[in-house]
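> If you scroll down you'll find the structure; I have some questions about it.
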Amino acid sequence: LVPEFWFCTSLLVFVNGGKLPEAEVKITVLHKPFLCHRKSKYGDILLVHHEGYLSNGTKFHSSYTQGDKQPVWFTLGIKEVIKGWDKGLQGMCAGEKRRLIIPPALAYGKEGKGKIPPEATLTFNIEVIEIRNGPRSHESFQEMDLNDDWKLSKQEVKEYLKKEFERHGYPPNDTHHEQMVEDIFKKEDENEDGFISSREFTYKHDEL
C-alpha cells in the first residue's frame, strides 16, 4: 500500500470573527479513459505533461514544446509542486486530462515566480501519463532497509525503486531512479547525513 503522508490540512483564515476555508482549485475533466486501473493519491509518483497559462491567456510554459519536450516526474502530496497541483491531481487515472484553475494562494502567491506575476490566477492543462507507487510507507522502509540498520542509504532506495518498477512491468530507468532518489533525500534527509532514518521517514495519513 502507498501511504498518504505529509498531508497539510487546510488552514482556516479568520475574518471578522468568522472563518473561511482556504481557496480551492477549480477542476474540469477534459478527458477520462474508459478503463482506469488505479487512481492517483498522495505518495504516488506521477509522470505528467502540462501547459500553463496566465489569466489573460498567455502561455508561460509547455512541457510538450519547451526544454527537452519530455513529461516530468513528481511525487504527489509532498509540496514538491504548487499546492494547486497537489490538490487538483488527486484521484486521476493514467491517460486522464484535467484543466486546473488555481488561485494565487495555491500557486505562487504575492511574490510570483519568473514569468508569473504576483497574485496570478493560473490555468494548467495537465495529462497524467503514468502513476507509480512511491517508496514511502513503513512497510516500504523495512523492505528497503536491506542491512536492518534502521536507516536508508541512497543505494538501498535506488534498489527498491528498481524492484518496484520491475514488479509493475516497467523497465528500469537509471536516470529516473537517480532523479527520484535525489528528490526523496532532499525532502527526507533532514540532518543531511546522507541517510534517511526511521524517524525522518515518518509520515502522516490523509484519510481519503
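> Only residues that are charged (D, E, K, R) and in contact with a Phe, Trp or Tyr (Cβ under 6 Å, 6 or more places away or on another chain): list them for region 45-75, please.
LYS59
> A further question on this structure: Could you check region 71-89 and list, in sequence order, the residues that are more than 18 Å from GLU178 (Cβ to Cβ) and touching a strand residue (DSSP E or B) at 6+ places or on another chain (Cβ under 9 Å)?
LEU76, VAL81, ILE82, LYS83, GLY84, TRP85, LYS87, GLY88, LEU89
> Next question, about the same structure. Give the residue, chosen from ILE78, ILE126, that is surrounded by 15 or more Cβ atoms within 10 Å (Cβ to Cβ), touching a Phe, Trp or Tyr at 6+ places or on another chain (Cβ under 8 Å) and either not in a strand (DSSP E or B) or not assigned by the TED database to the domain that holds SER40 (or both).
When all the criteria are applied, what remains is ILE78.
> Looking at (1) acidic (Asp, Glu); (2) open to solvent by 40 Å² or more (accessible area, probe 1.4 Å); (3) closer than 22 Å to ASN173 by Cα, which is the one condition that is false for ASP44?
(2)
> Mind checking which pairs have a first residue in region 104-123 that is farther than 14 Å from TYR53 by Cα and a second that is of a type in the set (Val, Ile, Thr), Cβ under 7 Å, 6 or more apart or different chains?
LEU106/VAL25; LEU106/ILE82
> Name the pairs: first residue in region 150-179 and free of Cβ contacts under 8 Å to residues at least 60 places away in the same chain, second residue open to solvent by 30 Å² or more (accessible area, probe 1.4 Å) and basic (Lys, Arg), Cβ to Cβ under 7 Å, at least 6 apart or on different chains?
Listed pairs, sorted by first residue: PRO172/LYS162; HIS177/LYS158; HIS177/LYS162.
> Answer yes if at least one residue in region 150-168 is within 20 Å of the chain's Cα centre (by Cα), outside any helix (DSSP H, G or I) and assigned by the TED database to the domain that holds LYS186, and no otherwise.
Yes; the residues of region 150-168 include at least one that is within 20 Å of the chain's Cα centre (by Cα), outside any helix (DSSP H, G or I) and assigned by the TED database to the domain that holds LYS186.
> Spot the failing condition for PRO118; the list is (1) in a helix (DSSP H, G or I); (2) out of contact with any strand residue (DSSP E or B) (no Cβ under 8 Å at 6 or more places or on another chain), and only one is missed.
Status for PRO118: all satisfied but (1).
> Can you find a residue in region 51-65 that is within 21 Å of LYS187 (Cβ to Cβ), modelled with pLDDT of 85 or more and either touching a Leu at 6+ places or on another chain (Cβ under 9 Å) or open to solvent by 20 Å² or more (accessible area, probe 1.4 Å) (or both)?
There is no residue in region 51-65 that is within 21 Å of LYS187 (Cβ to Cβ), modelled with pLDDT of 85 or more and either touching a Leu at 6+ places or on another chain (Cβ under 9 Å) or open to solvent by 20 Å² or more (accessible area, probe 1.4 Å) (or both).
> Still on this structure, please answer the following. Checking the structure you have, find out if any residue of region 93-114 is within 23 Å of LYS26 (Cβ to Cβ), part of a helix (DSSP H, G or I), open to solvent by 20 Å² or more (accessible area, probe 1.4 Å) and of a type outside the set (Asp, Glu).
Yes, that holds for at least one residue.
The values are calculated or read from the model by the stated rules, or taken from the named source; none is laboratory data. It should be emphasised that the depicted structure is a prediction, and the values quoted were computed from it without experimental measurement. Because the Cβ atoms are built from the backbone with ideal geometry, glycine has one as well, and the counts that use them run over all protein chains shown. The area values use the complete protein model at the heavy-atom level, side chains included, leaving out ligands, DNA and RNA. Shrake-Rupley method; radii C 1.70, N 1.55, O 1.52, S 1.80 Å.
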